[in-house]
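Working notes, structure below.
The values are calculated or read from the model by the stated rules, or taken from the named source; none is laboratory data. Because the structure is predicted, anything quoted here is derived from the model rather than measured. Cβ coordinates were reconstructed from backbone atoms using ideal geometry, including for glycine residues, and neighbour counts include every protein chain displayed.
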Amino acid sequence: MITYRKANSSDIPEVIKMRLGYMHETHTELSDDVFDEIAHQSEGYFQEHLNRDCIVYLALDGEKVAACIFFLLINKPASPLFITGKTGTLMNVFTLPEYRRKGIARHLVEMAISDGKEWDLSYIELRSTKDGYPLYCSLDFVEDKSIYMSMKLKLVE
């Protein structure tokens, strides 16, 4: 039986393990040194941000983490695009292969959506893989069509 809850500080090692599992599937070209650096940086990040502006939702099969999602909460000055000034970003939605296609990720995303409504977020955004796209569409996420062009400046290689 799967149970669901928010992660706490004692879950940080498992949260990092799941995040690295996600990244191993989506970034197969990266070296072990890069994954080691991500793991090291992630520990400090979660110690500082977990349950402040980063909520991690867990699905557990007994004591085993079967799936997780990360929900980043962002506060910024209000604008016509985010009238409350509060937005959320879902990332690293990851389910272990043996637990996929059982509605677990859907339940975790629904938990985040419910919390986002309670926290008065203007919107929740995410970047979807092809596999995740049908799930997000079924939960009323839509592709972001904007007058703005998405751009970034890479400062670290």
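When you look at Ile12, is it surrounded by 17 or more Cβ atoms within 10 Å (Cβ to Cβ), touching a residue at least 24 places away in the same chain (Cβ under 8 Å) and of a type in the set (Val, Ile, Thr), yes or no?
yes
What about Ile113, is it aliphatic (A, V, I, L, M) and closer than 18 Å to Ser79 by Cβ?
In short, no.
If we scan the stretch 126-143, do we find a residue that is in a strand (DSSP E or B) and touching a Ser or Thr at 6+ places or on another chain (Cβ under 9 Å)?
Yes - at least one qualifying residue is present in the stretch 126-143.
How do the pairs read when you match residues in the stretch 133-146 that are at positive phi with residues anywhere that are assigned to a helix (DSSP H, G or I), using Cβ under 9 Å and keeping only pairs 6 or more apart or on different chains?
Close Cβ pairs satisfying both conditions: Asp140/Ile113.
Looking at the stretch 120-135, can you tell me whether even one residue there is closer than 30 Å to Asp33 by Cβ and at pLDDT 95 or above?
yes
Does the stretch 120-132 hold any residues that are in contact (Cβ under 8 Å) with a residue 24 or more places away in the chain, surrounded by 15 or more Cβ atoms within 10 Å (Cβ to Cβ) and in contact with a helix residue (DSSP H, G or I) (Cβ under 9 Å, 6 or more places away or on another chain), and which are they?
Passing the criteria: Leu121, Tyr123, Ile124, Leu126, Gly132.
So which residues in the stretch 26-48 are touching a helix residue (DSSP H, G or I) at 6+ places or on another chain (Cβ under 9 Å), within 22 Å of Ala59 (Cα to Cα) and free of Cβ contacts under 8 Å to residues at least 24 places away in the same chain, if there are any at all?
Ala39
Across the stretch 64-114, which residue is farthest from Ser10 (Cα to Cα) among those that are of a type in the set (Val, Ile, Thr) and more than 11 Å from the chain's Cα centre (by Cα)?
Ile83
Identify, from the list Lys17, Lys76, the residue that is of a type in the set (Lys, Arg) and over 23 Å from Pro97 (Cβ atoms).
Being of a type in the set (Lys, Arg) and over 23 Å from Pro97 (Cβ atoms) holds for just one of Lys17, Lys76, which is Lys76.
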